[in-house]
Amino acid sequence: ARVVRGFIRAAGLGPVVLGGHSMGGAIAQTVALEHPELLAGLVLVGTGARLRVLPRIFELLASDYAEGCAFVNALGFSRATAHTLKDGVRTAMLGTRPDVTIGDFMACDRFDVMDRVGTIRLPALAICGEEDQLTPPKYAEFLAQKIPGARLLLVERAGHIVQLEQPEIVNAGIREFLLTLAFLGA
């Protein structure tokens, strides 16, 4: 969040609409809570106000990294997602050092703004795949309920990597949200 905040300021941007997927959504929420003056809105994709990680993910990543990656990949996608997309993401994950992946999951597991997320006073769009097993739809529903005026987009035939699984629907939802902000003068 410090790096993002620093970038927005150094680039002379702002207020901006900040979007993030999964841990990126946690970062976006943190910026919104700490420096709302930098933001005009939030797009929160496959994320939540708390991101608890299944202990089995940590066990597998530490003991058999390839198996851990396969487990995360199996949880991350809709059953309808093409195998080529699943294989590409698994290959990318395998190309990441285990300590980096484990560190990312540890950061997610520590993230918890459940008691503060309702104080965000920015337009927000929460997007989630209906088959997301890593950050289930109830996480996005909570964000949409707690952030005043937030909108919710649940996407059919999509899991945690919703923006790759159903890019047309996700992009259309974000476009509509941004146009609404422009109309509101945000």
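Taken together, the values in this text are just the output of simple stated rules run on the coordinates, not laboratory data. For clarity, every value in this text was computed on a predicted model and none was experimentally measured. Please note: Cβ atoms are built from the backbone with ideal geometry, for glycine as well, and neighbour counts cover all protein chains shown.
Details
- Environment charge of residue 77, counting only residues whose C-beta is closer than 13 Å and scoring Lys/Arg +1, Asp/Glu -1: -1
- Bridge type composition, the stretch 1-134 - antiparallel percent by DSSP, nearest 5: 10 percent
- Average Cα contact separation per residue, the stretch 110-182, under 8 Å, 6 or more apart, as relative contact order %: 31 percent
- Reciprocal of mean inverse Cα separation for the stretch 56-145 (Kirkwood radius, Å): 14.9 Å
- The stretch 24-57 and the stretch 59-129 have Cα centres spaced 14 Å apart.
- Divide the volume of the convex hull around the Cα atoms of the chain by the residue count and you get 116 Å³ per residue.
- Cα shape, the stretch 1-73, gyration tensor, a/c 1.5 rule: prolate
- Applying 0.36 nm per residue to the separation of residue 99 and residue 52 and subtracting their alpha-carbon distance, the gain on full extension is 15.1 nm.
- Normalised contact order of the chain, rounded percent, pairs of Cα under 8 Å and 6 or more residues apart: 23 percent
- In plain terms, the bigger the Kirkwood radius, the slower the diffusion; for the stretch 98-144, with that radius from Cα pairs, at 25 °C and 0.890 mPa s, Stokes-Einstein puts D at 196 µm²/s.
- For residue 48, neighbours were defined as the other residues whose beta-carbon sits under 14 Å from its Cβ, and their charges (Lys and Arg +1, Asp and Glu -1) total +1.
- For residue 16, net neighbour charge (Lys/Arg +1, Asp/Glu -1) across residues whose Cβ lies under 14 Å away: +1
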